[in-house]
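The values are calculated or read from the model by the stated rules, or taken from the named source; none is laboratory data. Given the structure is predicted, the values throughout are model-derived calculations rather than measurements. FYI the Cβ positions are ideal-geometry reconstructions off the backbone, even for glycines, and counts take in every protein chain you see.
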Amino acid sequence: MKSFFSFLLLFVLVFTNANAQKETPQKSLNQHVTFLNQSTDVVISRFEMICNYQAEVVAYRKRPEVLLRLPSSGPLETFYYEKALTGNGLTSTEKQQLNAGAKTIRNLLAELDQTSKTLETYVRLKTFQQDNLKQSDAYIADLQSILNKFSTEKTVFHNQIQQVYNKYQPYQPTDPYLKTAKQMEQILIIQQQLLDSLPYYLNEDKPSGWPVAKIQESILTDEKLLSDFEKSNLKLAYPASKAVNSFKSALSEIQKLKRQAIDDNNFAARQSARHGNKVYISMLNAYNHDLLASHKAFVNYSPSNRQLLDYPEYSPVFASESATGDTQEISPTKPFHDISVSTFNTKKATLPINPETLLTLNHYVEFINESLRQMHLMQILLRNYQSSAEYYRDPQEARKRAALTYSHEDFKKPVSLYQILKNSGSSIDPSYRTSVFVQADMLLNMLQEMDGLSVELISYTAEKVYLHDRLTRSDAILKRYLELFEGFDKKKEQLYNDLRRIFESYPSANPASSWIISGGVLLKTLDHDKEMLFGVKDYLKGEKAQIPASAKLEADARQLIVDEYQNMNGLKRFGRSNGLCPYSPYEDLATNSSRFAEKAQKVKTVSPNSTTNPYESFYYFYNNELVYQYNKFVDLANGGLLKVVNQPDIFAFRKLTKPRSADLITDTNRPAEKKTTYEAQPDILSSPKTNTSTIETATQQTTENGNTIQAKHDTVYVERVRIDTIYMDRTGGHPENTRSLAGFAPNNMVLLLDVSASMDSPLKLPLLKRSIKSLLTLLRPEDQISIVLYSGKARVVLKPTSGSKSAEIARMIDLLQSTGDTDGNEGIRLAYKVINKQYVRGGNNRVVLATDGEFPISGAVQKMIGENARQDVYLSVFTFGRNAHTGQKLKKLSDLGQGSYAHVTEESADLQLILEAQSKKLP
């Protein structure tokens, strides 16, 4: 028996050894890469720990009463390290070399871990209170140094792995899998090189240099790589082919991040390192979690006889703090170079327009529309600034007031779209190419001058030059803006007409297509809508004595409805709740065109001293209800149609003819009735995230318990004759036009949503989603929506987002799921933090709490709600469920918050949130 067991043991050992020898070199190498990636994950977690800790250190230096915290890091993982060392698919020399590299990485990881734990002990013992954070700074410097060493050694170690791999798997250009792997690797290397060139500054408050040119160059490089990658069209079996498609999609998303990074690098972003840091983290996550994950999937899905090598993750490092940034002296802005553009005649093409040319033409339209959105934002900012600046014309009076301020931090030039036009221009016929690009170039130059003038205003107000020059320079800048706004309108119209002529010079590839037929009749109707809009504009400018007749437009709209099924023959109807349904934009444009014709016949002129102009509602209606619907239809058609441009609100900003005497009006008393009030203000229409250009005068208010608070929100100077309070009765009846926000103040709404497990019911979360989506189609660009969830830990899932991005908001709504517990108090605190940070002057600043039941509410939270209501930030409460709630806590909250209280049912879901968005009217 003993000999039998000995034989059995020997057999097992031999069998095990034989199987161990079957491990391929590639498998052993990938175990080293796996260890490298696991080590990188540890480094990333320590990197995040350092960033969070440093933010607390900055706060502590300002407020020492707030103690520092540092979570425990826990023990290091050893499994992947040991597995890498024991791999037996390599020669003894290779194994010895790679194990030495792995040991170096492990030692650095241990050093990082030990230093982190030393810092944790330092924080727990509160030693920072004795040494004034001196040792803390030393520990942070050590950690930064270790991260840099890790990045260097990781690169060296990976190069060693790569060299061994190349011996066992030589490159064969005829092999589609090896060729694809090499193309992927080339893209990964380029992304790594870009990340290496991007700085991340631990001290992000200082201005910092940021390599815009390298981002731009990277975009061009990636476009070529992606194009070559797609053209290779290698024959790969499923699922490797799917992984390649995922890789391409991930690279496209990274391209979007880069373009957004360029556009967001505006004047405000350049004043600190925050923008660059944000881009760095976004790129890092996209690289590691998306691009690299797709590459790993391809490696796993490749045939077994083509064993490929994994690629390591990117490990972050900190940049040196010696950067001085790109601060520069602000000098007078040079006017853009206006040149006459040569006209051209189009010639009828014999072949249909190719997809590249059509895509480029539509990129031009998108460039124009984004430019118009930015111009409108500038108009609103200047309108706000001008209304405040008038009270500083007298230096003696100005010295008694709070400082005049101006900012344009949300103004972003569409540079990335401009680059697309520049790079894809070759797809347009040479006889047209130069003219249209020069026109686009002038539009961008005009936006750059607008940007420069705003930078001047920032310096002008910060240095209080208005106390010496009686607004002379300010007046000159505002006058120049008027010229730029008017000139921009004319030039964009010329460019669009030229684009339209180029498009119409090509014959349709499939004139019998329902997409082409429907698009044609929709465009014809939209052209008549535009004629009506221009007629209203000329009438309000006094250039025409009457509004154009609407019979032609009404006939077109009716005919669209009559011919709908004939025009749309063969196109599938998905239903109104499906964003892919072409019937929705078709029907909406037809209906809205009829409404537009009716609206135009009711317009009346206004006095020159009026604070608003009726054209504003036409501007919003035309762009949001007509152009938006047509362009949506074009997107769904996916080829064969050209988009149309928006139109600007030429009355949004007008130069004041004379200064106005002012009285100080403060919003200290709100009516106790369940009504929403509005205090008229002088020519103020705030836009998303606009907290500038109005006067922040603090007024003292005393509460019932004797406490004193400061209200810094809606204290503005207005004419006494324009003091007006408008009450909207919210308890009976609805406004006549419940499906429009025209005439209502901009909305800054934070949706505080309960998505706890109890909300998982047909009459709860689905009804909540439906209620929110009912509002999205009405939102304007100046409206902004934020979403805060308080299931489990309260968190912001949607930062303040403009109404122009309703699709983005809708996607977030679709992702909501019922899970976790309820933390209502923390959710309310976070919601108020978000709404106050993005406070909109003269707007409807409102938190909407949606829940299916009551929860404990602390006294501190109740006090906070009341104080905010006295400072024009209100709270409304929606409840959900089969039966109306009988508890009083939520009702008390809505009373404290001076907002509405409503139980949402299937009948009221589509209207309830719209009513909240209509809580404050424009004067």
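Consider segment 874-922. How many of its residues are assigned to a loop (DSSP other than H, G, I, E, B), crowded, with 18+ Cβ neighbours inside 10 Å and at pLDDT below 85? Residues meeting the conditions: 3.
In segment 41-67, which residues are among the polar types (S, T, N, Q) and in contact (Cβ under 8 Å) with a residue 40 or more places away in the chain? Outline the logic, then answer.
Taking segment 41-67 first, the residues among the polar types (S, T, N, Q) are 45, 52, 54.
Selection gives 54 alone.
Please find, within segment 761-797, the residue that is surrounded by the fewest Cβ atoms within 10 Å (Cβ to Cβ) out of those that are outside any strand (DSSP E or B) and of a type in the set (Val, Ile, Thr). So the residue we want is 777.
Per-residue answers, yes or no, for (1) surrounded by 14 or more Cβ atoms within 10 Å (Cβ to Cβ); (2) in contact (Cβ under 8 Å) with a residue 60 or more places away in the chain; (3) of a type in the set (A, V, I, L, M); (4) farther than 17 Å from residue 250 by Cα:
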{"site": "195", "(1), (2), (3), (4)": "yes, yes, yes, no"}
{"site": "205", "(1), (2), (3), (4)": "no, yes, no, yes"}
{"site": "209", "(1), (2), (3), (4)": "yes, yes, no, yes"}
{"site": "232", "(1), (2), (3), (4)": "no, no, no, yes"}
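Is there a residue in segment 500-511 that is free of Cβ contacts under 8 Å to residues at least 60 places away in the same chain and either closer than 30 Å to residue 351 by Cβ or in the same structural domain as residue 453 (by TED's automatic domain parsing) (or both)? Yes - at least one qualifying residue is present in segment 500-511. Selection over segment 86-103 of residues that are in a helix (DSSP H, G or I) and within 18 Å of residue 163 (Cα to Cα) gives a count of 11. Take the conditions (1) part of a loop (DSSP other than H, G, I, E, B); (2) in contact (Cβ under 8 Å) with a residue 40 or more places away in the chain; (3) of a type in the set (Val, Ile, Thr); residue 857 misses just one of them, which is (2).
Within segment 1-33, count every residue that is surrounded by fewer than 17 Cβ atoms within 10 Å (Cβ to Cβ), part of a helix (DSSP H, G or I) and modelled with pLDDT of 90 or more.
Number of matching residues: 1.
Evaluating residue 210 against the criteria (1) at pLDDT below 90; (2) in a helix (DSSP H, G or I) leaves one unmet condition, (2).
Please verify whether segment 320-340 includes one or more residues that are surrounded by 22 or more Cβ atoms within 10 Å (Cβ to Cβ) and β-branched (Val, Ile, Thr). Walk me through how you get there before you give the answer.
To start, the set of residues in segment 320-340 that are surrounded by 22 or more Cβ atoms within 10 Å (Cβ to Cβ) comprises none.
The answer is no, given that none of the residues of segment 320-340 is surrounded by 22 or more Cβ atoms within 10 Å (Cβ to Cβ) and β-branched (Val, Ile, Thr).
With respect to residue 226, determine if the residue is modelled with pLDDT under 90, under 29 Å from residue 305 (Cα atoms), assigned to a helix (DSSP H, G or I) and within 30 Å of the chain's Cα centre (by Cα). Spell out the reasoning first.
On the way: modelled with pLDDT under 90: yes; under 29 Å from residue 305 (Cα atoms): yes; assigned to a helix (DSSP H, G or I): yes; within 30 Å of the chain's Cα centre (by Cα): yes.
In short, yes.
The one condition from (1) modelled with pLDDT of 95 or more; (2) crowded, with 21+ Cβ neighbours inside 10 Å; (3) assigned to a helix (DSSP H, G or I) that residue 566 does not meet is (2). Filtering segment 848-874 to residues that are over 16 Å from residue 904 (Cβ atoms) and among the aliphatic types (A, V, I, L, M) leaves 857, 860, 861, 864, 865, 869, 873. Going through (1) assigned to a loop (DSSP other than H, G, I, E, B); (2) under 22 Å from residue 772 (Cβ atoms); (3) of a type in the set (S, T, N, Q) one by one, residue 871 falls short only on (2). The criterion of being farther than 30 Å from residue 269 by Cα, part of a helix (DSSP H, G or I) and at pLDDT 95 or above does not hold for residue 552. Out of the residues in segment 369-385 that are modelled with pLDDT of 90 or more and polar (S, T, N, Q), state the one that is nearest to the chain's Cα centre (by Cα). Only one residue tops the list, namely 374. Restricting attention to segment 553-594 and to residues that are touching a helix residue (DSSP H, G or I) at 6+ places or on another chain (Cβ under 9 Å) and β-branched (Val, Ile, Thr), the residue that is farthest from residue 777 (Cα to Cα) turns out to be 561. Checked against (1) of a type in the set (D, E, K, R); (2) in contact with a strand residue (DSSP E or B) (Cβ under 8 Å, 6 or more places away or on another chain); (3) more than 20 Å from residue 912 (Cβ to Cβ), residue 805 passes all but condition (2).
Candidates are the residues of segment 270-292 that are of a type in the set (Gly, Ala, Ser) and free of Cβ contacts under 8 Å to residues at least 40 places away in the same chain; the one that is farthest from residue 453 (Cα to Cα) is 286. Taking interchain pairs and intrachain pairs at least six residues apart, which have beta carbon atoms under 8 angstrom, with the first residue in segment 351-366 and closer than 15 Å to residue 432 by Cβ and the second modelled with pLDDT under 95 and of a type in the set (Lys, Arg)? Nothing qualifies. Within segment 621-637, is there a residue that is more than 22 Å from residue 540 (Cα to Cα) and either of a type in the set (Val, Ile, Thr) or not in a helix (DSSP H, G or I) (or both)? Within segment 621-637, one or more residues are more than 22 Å from residue 540 (Cα to Cα) and either of a type in the set (Val, Ile, Thr) or not in a helix (DSSP H, G or I) (or both).
Conditions (1) more than 26 Å from residue 383 (Cα to Cα); (2) surrounded by fewer than 19 Cβ atoms within 10 Å (Cβ to Cβ); (3) over 37 Å from the mean Cα position of the chain (by Cα), marked per residue:
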{"position": "542", "(1), (2), (3)": "no, yes, yes"}
{"position": "556", "(1), (2), (3)": "yes, no, yes"}
{"position": "559", "(1), (2), (3)": "yes, yes, yes"}
{"position": "586", "(1), (2), (3)": "yes, no, no"}
{"position": "596", "(1), (2), (3)": "yes, no, no"}
{"position": "601", "(1), (2), (3)": "yes, yes, yes"}
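Residue pairs whose Cβ atoms lie under 8 Å apart, sitting 6 or more positions apart in sequence or on different chains, and linking a residue in segment 832-849 that is closer than 18 Å to residue 408 by Cα and among the aromatic types (Phe, Trp, Tyr) to a partner that is in a loop (DSSP other than H, G, I, E, B) and at pLDDT 90 or above, are 839/873. Among the conditions (1) in contact (Cβ under 8 Å) with a residue 24 or more places away in the chain; (2) under 29 Å from residue 565 (Cα atoms), residue 494 misses just one, which is (2). Contact annotation: residue pairs with Cβ atoms under 8 Å, 6 or more positions apart or on different chains, pairing a residue in segment 301-314 that is outside any loop (DSSP other than H, G, I, E, B) with a partner that is at pLDDT 90 or above and of a type in the set (A, V, I, L, M), are 301/240; 301/243. Within segment 131-182, if we keep just the residues that are among the aliphatic types (A, V, I, L, M) and free of Cβ contacts under 8 Å to residues at least 24 places away in the same chain, the residue that is farthest from residue 225 (Cα to Cα) turns out to be 138. The set of residues in segment 394-418 being crowded, with 17+ Cβ neighbours inside 10 Å and either among the basic types (Lys, Arg) or farther than 25 Å from residue 654 by Cβ (or both) consists of 412, 413, 414, 415, 416, 417, 418. So which residues in segment 554-604 are of a type in the set (A, V, I, L, M) and over 14 Å from residue 525 (Cα atoms)? Correct list: 568, 571, 580, 600, 603.
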